[in-house]
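Contents: one structure, followed by commentary.
The values are calculated or read from the model by the stated rules, or taken from the named source; none is laboratory data. Given the structure is predicted, the values throughout are model-derived calculations rather than measurements. For neighbour counting, all protein chains shown are included, and Cβ atoms are generated from backbone atoms with ideal geometry for every residue, glycine included. Please note that ligands, DNA and RNA were not included when accessible areas were found on the heavy atoms of the full protein model with its side chains. Shrake-Rupley method; radii C 1.70, N 1.55, O 1.52, S 1.80 Å.
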Amino acid sequence: MADGMQPIGAPWDADAILALFDSKTAWLDRRVHSDQALYQLEMERIFARGWNFMCHESQLPNAGDYFINYIGEDQVICVRDEDGQINVLLNTCRHRGNALCRAEQGRAKSFVCSYHGWNYGLDGRLIGVPGQSTYYRGDIDKSRLGLVKAAKVESYLGFYFATMASDAPSLHDYLGDVGRTGLGMVCANGEVEVVDGIQKNLIDCNWKIAVDNLFDWYHVMYSHASAGSAGFLDLASIVHPKNQMVMLGDYGQAIGGPGLPKKTQQLVDQMSDDERVDYARSGQSGFARVRPGMATDLMGREGVRSMDHPNIFPNLWVTLGGMQLCLRLPRGPSHTEIWWFTIVPKSAPPALRQAMIRHLTHLFGPAGLLEQDDGENWSQSTRAAAGFSSRKVGAALQMGLGHDEVSVGEGGQASIEGYVSEHAQRWFYRSWTEWIAARDWAEFEAMRSAPPTGVV
């Protein structure tokens with residue numbers, strides 16, 4: 001082409017994909033947010049290949065309980081079978097492809113297709129075919145026509161994930177220290193459960209812009225100024241622009257947000273759990289959350305100081321210190337379905353539980369003050385990425401580039417501490433290019449970058 005750019009929708013080779021983000025200059029090609037061919041590669045090489053969050057164990061307490069989720073754009077049924085095993089099954093009948101389960105969650109003894117009546121067990125086996133002996137003349141092998149299962153289903157701290165790739169690493173290894181720290185944040189105060197009723201809304205933005213934003217503490221004082229001026233939030237007490245802590249892990253895992261200073265944590269470590277609660281309430285720590293002693297076992301000596309915003313690659317955000325989970329589900333290059341899971345302590349009294357739910361739904365989600373601000377920004381950024389001239393401009397993710405350093409603390413946990421930065425965003429996009437440039441897991445493992453060290 002005359003402008004030197006690849007036509008929209010044209011096939012991409014590995015070199016062209018890797019050139020979409022330059023880690024040395026922090027320049028991002030905006031086509032990552034609009035190109036249809038890149039989007040199709042994401043479905044194949046990120047979502048079908050990687051580990052995707054499915055549900056929490058509290059959502060499926062009994063045999064037959066199910067919850068509908070997605071792996072990319074493939075709808076799946078997460079269901080507990082009679083043996084207590086959680087299965088993840090493609091929600092598509094093997095006969096004509098009809099969706100078996102239309103409800104978002106519930107309880108079933110089996111899954112019967114409304115088209116022709118094929119019946120599947122909770123483990124995905126085909127157990128009934130109308131007219132098997134007459135219409136089919138007995139010539140049908142049901143053992144070969146069960147529902148397609150996820151290649152692997154594994155859990156960590158009660159959070160279930162699935163992958164369609166049989167050669168994917170274990171979930172434990174995929175999460176790595178940073179991912180396990182992020183999920184540990186949710187359970188840092190004890191056992192939790194998911195509140196029934198997932199809030200869902202559709203935003204006309206690319207899913208990566210929504211993920212990118214969760215690491216972005218630069219926008220808070222500007223985008224959410226109305227929440228501050230209305231007295232709904234004390235923004236200055238949330239941002240802590242000089243006490244940011246970024247953790248970067250294998251496979252694109254990252255945490256980016258405020259961090260408790262080391263000296264403060266050293267003081268906290270000498271306190272009992274009751275003393276920690278009083279200390280946090282007094283405001284002396286400068287942070288709303290000071291975690292109990294057990295949190296260190298889940299999050300590590302350094303990770304326990306992280307206050308917020310892990311992303312389990314590709315699209316699971318842990319926010320508000322673990323009180324909410326958010327999935328950014330792709331619905332084409334220009335649309336994202338946002339799912340909000342509200343998390344409460346299992347031991348929470350009814351009044352506290354309701355107060356938490358009320359507060360959380362007014363922060364994020366379709367009725368949240370903050371989400372409405374963000375959605376407008378994401379939408380406009382996505383639209384610009386599709387413009388013929390605008391998409392050639394690129395995006396500059398330079399904040400903090402070359403000015404900070406990775407430090408390694410106790411237990412080998414690495415972090416970058418200092419001012420608000422774009423270190424996590426740069427790691428996300430660098431990892432993203434490597435994910436979709438590689439054709440399979442073996443190639444990806446050979447080419448993927450290790451988390452950065454030294455000056456970043």
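For the reader, a short list of remarks on this structure follows.
- Extent along the principal axes, Cα only, for segment 184-325: 48, 36, 31 Å, with the longest axis given first.
- Part-to-part distance (alpha-carbon centres) for segment 84-101 and segment 232-271, which is given in Å: 42
- Full-extension gain in nm, GLU405 to ALA236, via 0.36 nm per residue minus C-alpha separation: 58.3 nm
- In the chain, the portion of solvent-accessible area held by carbon and sulfur atoms comes to 49 percent [1.4 Å probe, whole percent, DNA, RNA and ligands not counted].
- Cα gyration tensor, segment 69-172 - rounded (a/c under 1.5), prolate or oblate: prolate
- Dividing the summed helix terms, -39500 (n - 2.57) for each DSSP H run of n ≥ 4, by the number of residues in the chain produces a 222 nm estimate of -8000 deg cm²/dmol to the nearest 500.
- Percent of Cα-Cα distances greater than 21 Å, calculated over segment 343-453: 66
- Å² of accessible area per residue within the chain, as computed with a 1.4 Å probe and no ligands counted: 43
- Size of charge dipole - the chain - debye, nearest 20, with Cβ of Lys, Arg +1 and Asp, Glu -1, no other charges: 840
- Local electrostatic count, HIS116, Cβ distance below 13 Å [Lys/Arg +1, Asp/Glu -1]: +2
- For segment 147-234, the residue among SER166, VAL220, TRP207 whose Cα projects farthest onto the positive side of the dipole built from Cβ charges is SER166.
- Potential extension, SER229-LYS392 segment - 0.36 nm per residue separation minus Cα distance: 55.0 nm
- Coarse-grained scattering of the chain at q = 0.07, 0.11, 0.14 Å⁻¹, given as base-10 log I(q)/I(0) from a Debye sum over alpha-carbon atoms: -0.37, -0.91, -1.42
- Using the empirical formula 2.2 N^0.38 Å as the baseline, the Cα radius of gyration of segment 148-241 reaches a ratio of 1.45.
- Separation of segment 441-456 and segment 381-433, taken as the distance between their Cα centroids, equals 15 angstrom.
- Here segment 1-145 is treated as an ellipsoid with the same Cα gyration tensor; its semi-axes, largest first and in whole Å, are 41, 21, 11.
- Largest-first principal axis extents of the Cα set of segment 161-205 (Å): 33, 33, 20
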